[in-house]
Amino acid sequence: MGDNSATWVYAVTRDPDPVLLRAAGVGGEPVRAIGDAELAAVAGSVDANAFGEAALERRLSDPDELEAIARAHHQVIEVVAAARPTLPLRLATVYRDDDRVRALLTQRRAEFGDMLRWLDGRTEYGVKVWADPEVMTGGDKQEQAGQTMQVPGGRSADVGGDGATGRGPTAGTAYLLRRRANLTARADGWQHGAARGEEIHAALGRLAVAARRHAPQDPRLTGNEDGWMVLNGAYLVDSGRGQEFAATAGAMVSGLAGFQLDVTGPWPAYSFSVGRDQ
Amino acid sequence: MTQPWSSAPRAPGRPEPANLADILERVLDKGIVVAGDIRVNLLDIELLTIRLRLLIASVDRAREMGIDWWEHDPTLSSGKGGLADENRRLRERIGELETVADGGGDTRARATPANREVADPAGRQIRTRRSRPGQDNDG
């Protein structure tokens, strides 16, 4: 390995050799194992210029390059994880050379070994639940049609009223009332959706070895801008029960109006390799 | 109540698990963090990428939603300089007003540095965040 190469690390696993031949890395390079049968890093040699700090930062800031690199990184991890307990490493973990990777393995051997044992025979599923704001708020359309009657109480005193006439609210007051009712309905609707997301997460957690909630995804990335993501969960389940988990999760919102559920997986255990017990 | 959405799992059509948002969420934000020899702050990258993607994919859609910050973001609107222009106009206007109020004097010199700071918010912000120590391991 010359001065112009660096070592990109994908994952830490056990005894990886036989499964690696099919994977190509982020630079199209063949992927190999560094370490021993008990604990090994899955890595590839990449061009230090193309994957140096400045270059990498620039490339990862380009949406197309980021996508290509992220997918390549993920693909290697997926191939390894399909056959071995696997700790995925975060994108852009790059070392100067293989010796630095060996030092890492030596230094954190016990911790990595524990985590691999814990992950062995288990896999991750993702479950996302969206709530339809219109259904949650009881139908915005009615309010948009100008039916201000739904304002709770309708007490003009609450907003200062219009004592001069003593008659119904003025246009401005009516607007404020309508606006407040909309906001209240929205808040209530969100509460309703979020509560259901909470319940689903709890129920799925009981079927899983471990469960984590992630932040809702940016709607600009998911393309679903019409729904509220009320659950973005990850669940570690025994591999033998994966199908069952996915089926149970998929049925979680059947019969519930206004909810949509999406199961993804099996995934490498990304969400359960985040510094467990540290 | 009608059901605008099916409550069944989403219709197929998305290969699983190939959704880019799902992959980015995991490779950028999950997984073991170790101190490699190269440091790249992925939080910044994700932010920037979302911005760029938004810009490329759906400028019109974003405008409809009232999202138009990129037009004021010097890192993304090089050449247009909308914010810089606006700052310059405001500086001139402030200068004029202060000249009138104070009956003269070199108040313009005072107004200038503060406005110059405003002219470069995004770049500064990104640089600041990059220098933050730690590994964003917030599981």
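The values are calculated or read from the model by the stated rules, or taken from the named source; none is laboratory data. On a predicted model such as this, the values are computed, not experimentally measured, just so you know. Positions of Cβ are generated from backbone atoms using ideal geometry, with glycine treated the same way; all protein chains shown enter the neighbour counts.
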Out of (1) more than 9 Å from chain B (Cβ to nearest Cβ); (2) out of contact with any helix residue (DSSP H, G or I) (no Cβ under 9 Å at 6 or more places or on another chain); (3) of a type in the set (A, V, I, L, M), the one A:A37 does not meet is (2)
query: Is segment A:194-209 home to any residue that is not in a helix (DSSP H, G or I) and not assigned by TED's automatic domain parsing to the domain that holds A:A83?
result: yes
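With the structure loaded, tell me whether A:A249 is of a type in the set (A, V, I, L, M, F, W, C), modelled with pLDDT of 90 or more, assigned by TED's automatic domain parsing to the domain that holds A:E134 and under 30 Å from A:R90 (Cβ atoms) or whether it fails that test. First the steps, then the outcome.
Working: of a type in the set (A, V, I, L, M, F, W, C): yes; modelled with pLDDT of 90 or more: yes; assigned by TED's automatic domain parsing to the domain that holds A:E134: yes; under 30 Å from A:R90 (Cβ atoms): yes.
Yes, satisfied.
Check A:E78, A:E124 and return the single one that is among the acidic types (D, E) and modelled with pLDDT under 95. Even if it seems obvious, please write down each step before you answer.
On the way: A:E124 fails: modelled with pLDDT under 95.
Result: A:E78 is the single residue among A:E78, A:E124 that is among the acidic types (D, E) and modelled with pLDDT under 95.
From the set of residues in segment A:57-77 that are charged (D, E, K, R) and surrounded by 18 or more Cβ atoms within 10 Å (Cβ to Cβ), which is farthest from the other protein chains (Cβ to nearest Cβ)? Before the answer, list the steps.
From segment A:57-77, those charged (D, E, K, R) are A:57-59, A:62, A:64-65, A:67, A:71; that's our starting set.
Imposing the further condition that a residue be surrounded by 18 or more Cβ atoms within 10 Å (Cβ to Cβ) reduces the set to A:57, A:59.
Values: A:E57: 5, A:R59: 10 Å.
For segment A:57-77, the residue satisfying everything is A:R59.
Taking segment A:212-239 as the region of interest, how many residues are free of Cβ contacts under 8 Å to residues at least 24 places away in the same chain and either of a type in the set (F, W, Y) or outside any loop (DSSP other than H, G, I, E, B) (or both)?
Of the residues in segment A:212-239, the ones free of Cβ contacts under 8 Å to residues at least 24 places away in the same chain are A:213, A:215-216, A:218-223, A:225.
Those still in the list that are either of a type in the set (F, W, Y) or outside any loop (DSSP other than H, G, I, E, B) (or both) too: A:213, A:219-222.
Within segment A:212-239, residues that are free of Cβ contacts under 8 Å to residues at least 24 places away in the same chain and either of a type in the set (F, W, Y) or outside any loop (DSSP other than H, G, I, E, B) (or both) number 5.
Looking for whichever is surrounded by 18 or more Cβ atoms within 10 Å (Cβ to Cβ) and within 14 Å of chain B (Cβ to nearest Cβ) here; the options are A:L20, A:L87. Which one fits?
Values: A:L20 fails: within 14 Å of chain B (Cβ to nearest Cβ).
Checking each option against the conditions leaves just A:L87.
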